[in-house]
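The structure appears below as structure tokens.
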Amino acid sequence: MSLIRSSLLRRLQALQGKTSTKTRATEREAQDSAALSLARARQGKSDQPRPDGLLIWACLPDLTEAEALSSLLPPLQAEMGDVTLLLTTHDPQPSDAIPHDARHQVSPKFEPAAVRNFLEHWQPDVVVWMQPELDLITLGALKASGVSVIWLGAGAPQDRGLTQRFKLSALRDAVVELDSILPKNGASRRELLQLGVPAEKMDVTGILQPLSQVPGCDIEERDRIAQKLDARPVWLAVGVEPREENAILSAHRILIRKSHRLLLVMIPQDPARAADLTAQLETDSWIISSRSKDDHPHRDDQIFVVDRADECALWMHLASITLIGGTLAGGANRNPLSPAALGSVVLFGPEGGRHAASFDRLMRAGAARRVRDAATLAVEIEHLLAPDKAAEMAMAAWDITTRGAEVGEFLMRRLLDLLDEAESRKGF
């Protein structure tokens, strides 16, 4: 090796070493920062400012029921104005699992100083306690602050040893101070009654499910377009990311070989993408029209592109099958309960994101199917084009979106009452 090449190699290796050292230093700084934030959160401190308005603190073991809680926010905000939902869990959570309209922080240690720091910073107006057992330190601090507490998903302590007997005695005294207790099931209610929890403190029994708001649209417009479609089968891909387009188009190309009248309606996640998507489809020889230029799909159209985000509900009303965009590329862009509430069968990819719990719930009920790629997407849609199968799954979708509504509706009404009382005390 020449002296020049040897020198250049040594310099390159030195630069690579510096880069690696710098990268490792950056990673260590990030880890140190995360560890510091976690330690502060355990002490009840936060880097996030408390938002203006009313605040609901939901103390959870994990984020499984976070989506169900966040589904209460729109009706609460419609009635009360600024309402923030603060979710706390014992461990840090991935950002894509946190509902976009909620805040998250690691729970404080259930110790006097940490709980005091937490309450002084966040000043919650109402607490929804969703841990399996009550923490008497936290409950005492909330009582002293005059904050109302709802115990959701309540269950009796399972440990019945000598130490637990003292806890049970304290529990009986503590629940008297709770606003409402919602047992997770009938068995839990019976156990709580046996432990001496007053029956009048316990309300509806069941698991909280997301409130399913049936998406509204202009019904006259819906009927007019349906008449133009003349009973054509329609499947919808809503909230589509560019990385998913090829898989969706490949599946549709397979499908129209057997079902020539099948129409795909595509709604990009970014409406600005519609123009480029339309041009690309025309270049690729698809027969298409678009909402920006055409009032409705034409008889021979294979694809109809919609560039208006506010028309998602309209096309959900018209489609018997809905693919939730983002699930093939990073995480769901839409709540699957919206099309399900309309009786549209839901398809989704492997990445459910913050709506993962709802996808699992729909799939267990037989109201949704998971797909992996273009091939499995085409297979599922072909299977669902059979009217009897689509009707069976549509009935399951309707059932799952209405079941469990009693708990959610009761909780929403109770939260409205308690937030109204908190607002009056603050003199907003």
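The values are calculated or read from the model by the stated rules, or taken from the named source; none is laboratory data. Please read all numbers here as calculations on a predicted model, not as lab measurements. Here Cβ is always computed from backbone atoms with ideal geometry, including for glycine, and neighbour counts include all displayed protein chains. Quick note on the areas: whole protein, heavy atoms, side chains included, nothing else; ligands and nucleic acids left out. Shrake-Rupley method; radii C 1.70, N 1.55, O 1.52, S 1.80 Å.
Some values worked out for this structure:
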item	result
Residue-normalised accessible area of segment 346-385, given per residue in Å² at a 1.4 Å probe	42 Å²
Furthest towards positive pole of dipole, 346, 335, 317, structure part segment 250-376, Cβ charges	346
Rough spin-label spacing in nm, given labels placed 7 Å along Cα→Cβ, for residue 221 and residue 287	2.6 nm
Cα gyration tensor shape for segment 174-236, rounded if a/c is under 1.5, else prolate or oblate	prolate
For the chain, size of Cβ-based charge dipole, Lys and Arg +1, Asp and Glu -1, in debye	1740 debye
With Cα atoms, 0 to 90° folded angle of helix 387-402 axis to the chain main axis	30 degrees
Highest to lowest packing among 343-352, 290-299, scored as the average C-beta count within 10 Å	343-352, 290-299
Proximal lysine pairs, the chain, alpha carbons under 23 Å, eight or more residues apart or interchain	13
Tensor-based shape of the chain (alpha-carbon gyration tensor, a/c under 1.5 rounded, otherwise prolate or oblate)	oblate
Relative contact order %, segment 301-428, counting alpha carbon pairs below 8 Å whose residues are six or more apart	21 percent
Check: segment 233-383 dipole with +1 on Lys, Arg Cβ and -1 on Asp, Glu Cβ, in debye	560 debye
